[in-house]
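One structure is given here, and the rest of the page talks about it.
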Amino acid sequence: MQKRVTACLACIALSGCAGSGEGLDANGRPLEESEGGDVLTANLASIQTHVFTPMCTNCHSGAAAPLGLRLDEGVSYAMLVNAPSVEAPALLRVAPGDPDASYLIHKLEGTAQVGGRMPLNGPALPAETIAVIRQWIAEGAQAPSQDASSSVPSLTAVWPMQRMSSHEHIVVVADRELDATLLAAGTITLRKTDEAAERALVQGLDLPRIELRSQLPTVVAIAPPDGGWARGAYELRISGNAPLAVADLNSRAIDGDGDGIAGGDFVLTFKVEETR
Ligand code: HEC
């Protein structure tokens, strides 16, 4: 019995190594060992390394990213997956499981009704590259895996960075799955800071304007009210303090203030400017 198992393992190992060394890097190591890999594969880390970072982020990054679409590393997932397109609001930029209905694919294939083919002003992506991005979407558009076992949960404001226009979403991504029931309990507040505090606008996840876009990791989007945000200065606050702090599934409170220790409110201030 022992002998047979050994023999089978050997034959698997041999067939894995046979041929041109496909799937191995220059040193013969499996490609997965280097982040993103040397060849494009159907996962977001690889697509980020081979497509988004080199071909898209010269335009799609920072506060001036067109249509609020940032594609830099660490935020591209939250900006794409289950996020409505600005140009075609009836479509999601990436609809997990459905590449044909994903506006990202329409923009890459040049079939979108609005605007240009991406990358704008550059050569179209090769069909094989688009096929790999389609496969990532068809397989559920997973986020890169994260190691959430040790550290405290943290949040990142993906949009806006400083300013936004009146019809944009506010998007915040966590580094792991958070307890959605806590998000629904009034721990997210938004107020206009250029008005008297008593007139503060407070919203909770049970109200329709706050959407849970993803849970692996948690992505929270806050939609504009009908007619858009009023101009002015705002403060978004996500509670990391007692009595009710947002926490992960292990009841670890968020490190809202970024000091490396659980606890502290997460605060994002920004201005709403022109109406688009
Ligand atoms: C030279 C600048 C530039 C580059 C490079 C670029 N884009 Fe764009 N992108 C734009 C602009 C400007 C718009 C809005 C106007 C339009 O659609 O033509 C846009 C719109 C988009 C939209 C529509 C967003 C929405 O919410 O409707 C998607 C998706 C997109 N780009 C993806 C990409 C991807 C993926 C790449 C890289 C492969 C890329 N872009 C490269 C400038 C660029």
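Computed with a 1.4 Å probe over protein heavy atoms only, the accessible surface of the range 44-138 comes to 43 Å² per residue. Summing charges over all other residues whose Cβ lies under 12 Å from the Cβ of T189, with Lys and Arg as +1 and Asp and Glu as -1, gives +1. Only Lys, Arg, Asp and Glu carry charge here, each on its Cβ (+1 for the first two, -1 for the last two); on that basis the range 155-272 has a dipole of about 320 debye about its Cα centre. V39 exposes around 80 Å² of accessible area when a 1.4 Å probe is run over every protein chain in place. Using the Cβ-Cβ distance between A88 and T181 with R0 set to 25 Å, the FRET efficiency works out to roughly 0.15. Across all Cα pairs in the range 155-272, the calculated P(r) in 5 Å bins from zero up to the longest distance comes to 2, 12, 22, 26, 20, 11, 5, 1 percent per bin. The distance linking the range 240-276 with the range 51-88 is 23 Å (Cα centroid to Cα centroid, whole angstrom).
In sequence order, the range 151-158 has phi-based couplings of 5, 7, x, 10, 10, 10, 7, 8 Hz under the Karplus curve 6.51 cos²θ - 1.76 cosθ + 1.60, θ = phi - 60°, and Gly or Pro positions carry x. Residue order by solvent-accessible surface for L155, L236, L216 is L216, L155, L236, largest first, with ligands and nucleic acids left out and a 1.4 Å probe. With the whole protein complex present, H60 retains an accessible surface near 30 Å², based on a 1.4 Å probe.
From the Cα gyration tensor of the range 63-196, with a ≥ b ≥ c the square roots of its eigenvalues, which class applies: rounded if a/c is under 1.5, or else prolate if a/b is larger than b/c, or else oblate? Taking the square roots of the gyration eigenvalues as a ≥ b ≥ c, the range 63-196 is oblate. Using a probe radius of 1.4 angstrom, the carbon and sulfur fraction of the accessible surface of the range 44-138 is 58%.
Projecting the Cα atoms of L212, V173, V272 onto the charge dipole of the range 155-272 (Cβ charges, centred on the Cα centre) puts V272 farthest toward the positive pole.
Apply the a/c threshold of 1.5 to the C-alpha gyration tensor of the range 44-138 and tell me whether it is rounded, prolate or oblate. Note, shape of the range 44-138 comes out rounded.
The values are calculated or read from the model by the stated rules, or taken from the named source; none is laboratory data. Quick caveat: nothing in here was measured; it's all calculated off a predicted structure. Every residue, glycine among them, receives a Cβ derived from its backbone with ideal geometry; neighbour counts consider all protein chains shown. Protein only, heavy atoms only, side chains kept; ligands, DNA and RNA dropped before computing areas. Shrake-Rupley method; radii C 1.70, N 1.55, O 1.52, S 1.80 Å.
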